[in-house]
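Everything on this sheet refers to the single structure shown next.
The values are calculated or read from the model by the stated rules, or taken from the named source; none is laboratory data. Predicted model, so just to flag it, every value in this text is computed and none were measured. Methodologically, a virtual Cβ is constructed for each residue, glycine included, from the backbone with ideal geometry; neighbour enumeration extends over all protein chains shown. Accessible surface is based on the protein model in full, side chains and every heavy atom, while ligands, DNA and RNA are left aside. Shrake-Rupley method; radii C 1.70, N 1.55, O 1.52, S 1.80 Å.
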Amino acid sequence: MSGKEIGFIGLGKMGALMAARLVSAGQSVVIFDTNSAAVSKLEAAGARAAASTREVANRAEIIFASLPTPDVVRAVAIGPEGVAGGSTAKVFIDLSTTGPKVAVQVHRELTENGIVSVDCPVSGGLAGARDGKLTLMVSCDVAHFDELSELLSILGRPVFVGSNPGAGQIMKLANNLLASCALAITAEALVFGVKGGLDPAVMCDIFNMSSGRNTATLDKFPRSVLTGTFDFGFSTGLAYKDVRLCLDEAEALGVPTPVGSAVRSVLAITQSQYGADSDWTSIIRPFEQWAGVEARSKKSEQSL
Ligand code: NAD
């Protein structure tokens, strides 16, 4: 199923790194993003620019997308100028987190247009995208999974979630609910300790040797909170979107989510105070404000 050019639409924080990996792996990559600066950067790395989504879909057989929101994915995949009407497009691989509703709609309309739709949200952040170590949560036909595995392996480890459209998205939303909960509760626990007179770096070290260890204590907090850099590379707005999508889906399925609802509120507060573009790790800042302390540590800078 390998075409002459591989398409890549959406060259943001994640997309730029994933497209660059495809280029480095020797693929001929045709790119598009509404942000021309993002396109120029990738062109300099060896990709070829297209002027629109439709041009990508008129040149490439396999098209990846890494886009911010469900509405943008819907427009790019099946909108009036979308991939669905492309003359060469055969496979659409959506790496974005969009929720199962859009994945199902995109799958249905692309299938009607003879295009294979692969739901493929990813986890692993910027480091995973840069190093080809993402987890790819794939839902599509088993035969297409087998066919595409070698290509997907350039980006990370493809894991087959199921053949139902949207299955990968449900998996990804469950994962991100956990990750956001870990971040929020770590912020709460850390601010509690700092207010009680503890050093936050010592706290993180002890969490990491103890039962409180989680992805926030191991990585996000030492790297981006204790240092005060707030540069993990995932935005508050996108994290809020993911938790909202998850809770909406849970509600539709009749699954109560009291813990997730609290985390959604914390993300809403963070977004309203620090903006949708603020780094996800800014989630600690409202807690710091309420308690009148800051969880920063010189020790963490030395140990990084
Ligand atoms: P981002 O906002 O940095 O990038 C999105 C890109 O899409 C931007 O370059 C934007 O210009 C482009 N874009 C917007 N509308 C477009 C359109 N109509 N046509 C073409 N390009 C368009 O977002 P990101 O952090 O790279 O995340 C992308 C997706 O991956 C999101 O769905 C996010 O939830 C998911 N994700 C992000 C991370 C992370 O750590 N950042 C990790 C896993 C998954």
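To keep it simple, each residue is scored yes or no on (1) over 15 Å from the mean Cα position of the chain (by Cα); (2) surrounded by fewer than 19 Cβ atoms within 10 Å (Cβ to Cβ); (3) modelled with pLDDT of 95 or more.
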residue	(1), (2), (3)
GLY125	no, no, no
LEU136	no, no, yes
LEU148	yes, no, yes
GLN169	no, no, yes
ALA179	no, no, yes
MET203	yes, no, yes
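Can you give me the number of residues within the stretch 33-90 that are basic (Lys, Arg) and either in contact with a Cys (Cβ under 6 Å, 6 or more places away or on another chain) or closer than 28 Å to LEU173 by Cα (or both)?
Counting residues in the stretch 33-90 that are basic (Lys, Arg) and either in contact with a Cys (Cβ under 6 Å, 6 or more places away or on another chain) or closer than 28 Å to LEU173 by Cα (or both) gives 2.
Which residues, counting only those in the stretch 231-260, are out of contact with any Lys or Arg (no Cβ under 6 Å at 6 or more places or on another chain), crowded, with 19+ Cβ neighbours inside 10 Å and closer than 15 Å to ARG285 by Cβ?
The answer is SER235, THR236, ALA239, TYR240.
Can you confirm whether the stretch 77-93 contains a residue that is open to solvent by 20 Å² or more (accessible area, probe 1.4 Å), assigned to a helix (DSSP H, G or I) and more than 14 Å from the ligand (Cβ to nearest atom)?
Scanning the stretch 77-93, I find at least one residue that is open to solvent by 20 Å² or more (accessible area, probe 1.4 Å), assigned to a helix (DSSP H, G or I) and more than 14 Å from the ligand (Cβ to nearest atom), so the answer is yes.
Which one of the conditions (1) out of contact with any Asp or Glu (no Cβ under 8 Å at 6 or more places or on another chain); (2) at pLDDT 95 or above does GLN302 fail to meet, given that it meets all the rest?
All conditions pass for GLN302, except number (2).
Quick one: what pairs do we get from the stretch 256-273, first residue touching a residue at least 24 places away in the same chain (Cβ under 8 Å), second in a helix (DSSP H, G or I) and of a type in the set (Ser, Thr, Tyr), C-beta under 6 Å, 6+ apart or different chains?
From residues that are touching a residue at least 24 places away in the same chain (Cβ under 8 Å), the pairs are VAL263/SER180; LEU267/TYR240; THR270/THR236; THR270/SER282; GLN271/THR236; GLN271/TYR240.
Considering only the stretch 22-54, state which residues are open to solvent by 20 Å² or more (accessible area, probe 1.4 Å), in contact (Cβ under 8 Å) with a residue 24 or more places away in the chain and not basic (Lys, Arg).
Residues satisfying the conditions are VAL23, ALA25, GLN27, SER28, PHE32, ASP33, ASN35, ALA45, SER52.
List the pairs whose first member sits in the stretch 9-21 and is at positive phi, whose second member is within 7 Å of the ligand (Cβ to nearest atom) and open to solvent by 10 Å² or more (accessible area, probe 1.4 Å), and whose Cβ atoms are under 7 Å apart, counting only residues at least 6 apart or on separate chains?
Close Cβ pairs satisfying both conditions: GLY10/ASP33; GLY10/SER66; GLY10/LEU67.
Output the residue which, of all residues in the stretch 220-240 that are under 19 Å from ALA295 (Cα atoms) and among the hydrophobic types (A, V, I, L, M, F, W, C), is farthest from the ligand (Cβ to nearest atom).
Ranking the qualifying residues of the stretch 220-240, first place goes to LEU226.
Does ALA20 qualify as being within 21 Å of ALA129 (Cα to Cα) and more than 14 Å from the ligand (Cβ to nearest atom)?
no
Hey, among the residues in the stretch 94-122 that are in contact with a Gly (Cβ under 9 Å, 6 or more places away or on another chain) and closer than 19 Å to GLY156 by Cα, which one's farthest from the ligand (Cβ to nearest atom)?
Among those that are in contact with a Gly (Cβ under 9 Å, 6 or more places away or on another chain) and closer than 19 Å to GLY156 by Cα, it is VAL118.
Based on what the data block shows, is ALA103 within 11 Å of LYS172 (Cβ to Cβ) and either surrounded by fewer than 18 Cβ atoms within 10 Å (Cβ to Cβ) or over 14 Å from the mean Cα position of the chain (by Cα) (or both)?
Considered against the rule, which asks whether it is within 11 Å of LYS172 (Cβ to Cβ) and either surrounded by fewer than 18 Cβ atoms within 10 Å (Cβ to Cβ) or over 14 Å from the mean Cα position of the chain (by Cα) (or both), ALA103 comes out as yes.
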